[in-house]
Structures are given as structure tokens and as C-alpha cells.
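Some notes on the structure that comes next.
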Amino acid sequence: MDFINKAWTQIVDVFKGLTPGTRIAAGLLAAGVVVGLFYLFQYRTTLSNEYLLGGRPFVAEELTKAEAAFAKAGLSHSEVVEGGRIKIPQGKKDLYLAALAESNALPVDFYKYLDEAAKSDNPFSSSKSLEFKKSNAKQKELALIISRMRGIASATVQYDEAAKGGPRGDLSRTAMVAVKPLAGELDADQVKAIRSIVASAYAGLDRNNISITDTESGHTYGGIGADGTAIGEESAYASAKRTAERIFKQKISDHLQGWISGAIVNVNVELSPELQNTVQEVKLDTKPIAVESSATTKETVSKNGGTGGRPGATSNGVVQGNKGMALTEEATGSESTTNETTEKTRNQPGYMVKHTETPGHIPTKVTAAIQIPASHFVRIWNNRNPVAAGQPAKPPDVAQLDQIKQLELKGIEDAVRNLIPPVPQGTNQYPQLTVAIYEDIPSTPIAVPTFSALALDYLGESWRTIGMIAVGLVSLVMLRGMIRGGAPTPVADAVAAPRLAAQEVDEEEAEEQPVETVLRRKFDAGGPNLKQELQLLVKEDPDAAAAILRNWIGDAA
């Protein structure tokens, strides 16, 4: 604490000893130093960035609106990084969020459009107006959902329906989706996912009536109708062919990139033209099979009559009056039983029916063209013939290099042959593969930046910082020099005390005393050395100093 008090006292004393002009200049320099340091600190603070909205990714449309809002608000230190995230200066989040809110450019969240459509409902709105608002909001929500998918930058959805006519009043529903991928083209999985999202959002919408357009490549992915014909410009055969070629190309490329760098692979696939293939095979059996059999059995019993009794009514059982009947013996005879069985059988030849159903557009022939860089074989030769340390590199032997080429090309053909569908047995398997060599021109190596280039780049990026540091240092040096120049020196203090004492003497007596006597009296009182006194005396009174020197020179002579 004492050190601070002493330092402050010294600064105050020094400031009081300055002339008014020196005080003004020192104050201006101090203000310049403070302003420069503040600006330097403020500029350095802007280099420390943070993510806006916690690193939430922005789609392309949202980024455009956000950048326009920042430009309108005069905020120029934002930066868009990979993934659609925005970096802003540390501690400036409130300014950037306010700029987005004022321009209505805040990122859209799910259900926002539907909520806004619901809020706009009022008793005076017509049913058609409300239906249009809800339909428009639903299309925007679907576009937002699709744009948040992997690899999609932005999307637009359009849906329409029209009456087909007829007594039932059926509707024809169609949808169009325009998609901008982040890189490359849409793949089959993305197209399928987009169709599923849109078809699930509208009841009764057939996914085959959804057309998807890649705005980057201009390719349109149409659906397939119930009759198998393509809808729009899309062909089922072309779509299946492109998908199969991509799969085989990726498979071969993944296999070769393990040991061959720079291999070029192209594949052509031929498909079966049928959409669906159904085969029914019937095989007959030479042994007949009974398909129907029946049996009938009939039994017949017969009896022969015996000898008759006496003729007449009485003997024949005719009763006349009250006369009692006479008992006679029953006639006896022979009895026979007959059994008759009938069987019917219907036979037909046996057979076996085999029903086979396979999907259409299956690969029937796959051909591949592969290009191998010549540097690949040179690298193999160099690995087999290493150069000793300190020895110059030797060129590869031509004969050995040719042998390496033959072996490598044969190995590539054998490896790729197992990745494509087999050919019929007994045919040459290699005409489907073409493996050639191309001369890869070595690219010019990137020059290492020199120290001067790095220094210039650093100066170009940090010239504000370096300039403010230089201004601050120069201001401090100038302020120090002015303070030291205006501060009283110890010599002046030593001379000032006798001078104040001499001023108390009567002016007449002081005028009568010679300057040399006064100077010698100062020396006797323990004043400064002669050189310092002469310097001060020459500065204040050159004539008196010249007189003293003349007297001293005369005395010495």
C-alpha cells in the first residue's frame, strides 16, 4: 500500500511540474493509450466465438434468411461452419438473436406452420380459406421434415387432388417433392424414405403417384403404376439397372481400394426384361393312380313249393258258414341264396406340378472395366527392392516390372470374378472383365509455404492487432519521454535551493556580488558538480557562463 501511495505522490508531483502544454499532450497520449488498449481487447474478444442456438444446424433457406438479418442489423462477425452451424462472437448472442427475431428469420421448428394456421382461424374465415391454410402449412411441415434428413439441404413439397368424375366421386391424388442434396445424388434409400413420408401424410395417396426431383442433377424419380409402366420419365428397367450398377461398382471398388490406390471402376449390368417371371412345371408318372373306386354287393334268396292238398274250398282256406277249419300240413320245398358283387375303378396317369415365381429385372450379365495406375506396380517393385540408406534410388527393372504386372492383373481378375454373377459353365469367364493399365501423371507437389509467406499471411490476418500494439507502445514511449523531459532533475533541485536562498537577499546586494562569488558559495554549500552547474548556467544565462569561463581561463593562465 505504501508503494502505491509513494508512486501516486511521485506521479502527482511530476504532473504538477509540467508546463500546461506538456500536461495537455500527456493527457491526450494517455487517452490514446487507453482507447487503443480497449479497442485491442474488444477486437481480441471477437476472436473467441460460440455457436448460435447451441450449435443447431441451419438449412440453406434458413442460412440465407439469417445472413440477411445479420447484414440488416450491421453484424458482420458471424461465420457459417460445416454442418450448417453459425459461429458468433462470444458474448454477442443477444444481438444476433434480436436481429433474427426482428427479421422473422428464426429457425422453423416442427408444428410451427400448423400452429400458425390454427391461430389464424376466426369465425369470419370461410371453410375453403381454412382448408387452404392447413394444406399449405402441412406441405411446409413435410418439406421441413424432409430437409432435416441426412444428406438433404432443402426440400419443397406440392400436393394436389382432383375429382375423377363418376357417381362415386373418387379423387386423383398426386404429390411432387423437389429435393436439393448436400452432395452428390439421391440414393435409393433416400428416395424410398421420402416417398414413405409423403404417402403417410396424405390418406389415400399412392406412393407410386409421388414424383421426386433432384434439383442438383435434374434427375426425376417417378413411381411405377399398377400395370408396370413407368410414371413420368422414370423407367423401371432404367432405375433397376442404375441401382444394380451402383451396387456392383461399390462392391468392386471397396475390394480394390484395400491395396490399389487410384483404381478406376465402371460396371455395366444387363437385366431380365420381365417384371415378374412365373414358371409352372408338370411331370407325368408312368404308373396309373386310382382316383375313384366303388363296390356293390347284392344277395338273393329263393324257395321251391311242396305238393298240394286236396282240391276244393276247404282245402284252399275258403270257409263257408260256421264250419270249423280243418288243420292241414304246410307244404315243404327247397331254399337257395345267391350273392352278387360289382366293383368299379377309375384310373388316371400320375403327375407332379411345380410352380415357381421369381421377381423381374434380375441381373443376367455383369461386365466390369477396371483401370489400374502404373505407379501401383512401381510401388510394388520398390517395396521388394528397398534402397539402402544413403544410396541413390535405382530405376525398376523392366523384366521384373512386366512380371509384376502380369501377376497383379491376373490376381485382380480372379478377385473381381468372384464378385459378379457367374457365367454358364463351360464359357470363358474373363471376357466380362477388362483390366488395363493407365499412366497416372504425378501431380505437382504442394509447395511448403516459406517463412515470409507465413509472416505475410499472419500480418494480413492480424494487422489490426499488431497496429494497435505498435500504437500503444509508441504512445507509452512518447508519454515517458515527455514526462522525463518536463520533470525537474536532481541538478535543478540542488541549484534551486541556493537560488531560493539567494532571492531572499536584498536585490541590490545580489546585484553587487559577482556571479563567480555566488557560484563558489554554492559549491561550498555542497552543490552539484561543476559540469552540471555549467550546463544549467549556460541554459539559463549564457553571458554569465561566458564571463565565468573567461575568469577561470585567465586565472589558470
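Values for this structure:
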| item | result |
| --- | --- |
| Ranked order, ASP543, ASP254 - accessible area, probe 1.4 Å, largest first | ASP543, ASP254 |
| Segment 355-440: GluC sites (Glu not before Pro) falling in loop per DSSP and having at most 11 other Cβ within 10 Å | GLU439 |
| Within segment 153-223, percent of DSSP bridges classed antiparallel, to nearest 5 | 70 |
| Amide H partners (placed H, <5 Å) of GLU50, local residues excluded | ILE88, GLN90 |
| Sequence-distant lysines (8 or more away, or on other chains) whose Cα lies within less than 24 Å of LYS283 | LYS354 |
| Kirkwood Rh (inverse of mean 1/r, distinct Cα pairs), segment 250-297, angstrom | 18.1 |
| Net charge of neighbours whose Cβ lies under 14 Å from the Cβ of TYR96, counting Lys and Arg as +1 and Asp and Glu as -1 | +1 |
| Filter on LYS93/LYS180; LYS180/LYS365; LYS16/LYS539; LYS180/LYS241 - keep pairs with C-alpha separation over 26 Å | LYS93/LYS180; LYS180/LYS365 |
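The values are calculated or read from the model by the stated rules, or taken from the named source; none is laboratory data. What you see is a predicted model, and the numbers here were worked out from it, not measured in a lab. FYI the Cβ positions are ideal-geometry reconstructions off the backbone, even for glycines, and counts take in every protein chain you see. Note: accessible area is taken over every heavy atom of the protein model, side chains too, but ligands, DNA and RNA are not part of it. Shrake-Rupley method; radii C 1.70, N 1.55, O 1.52, S 1.80 Å.
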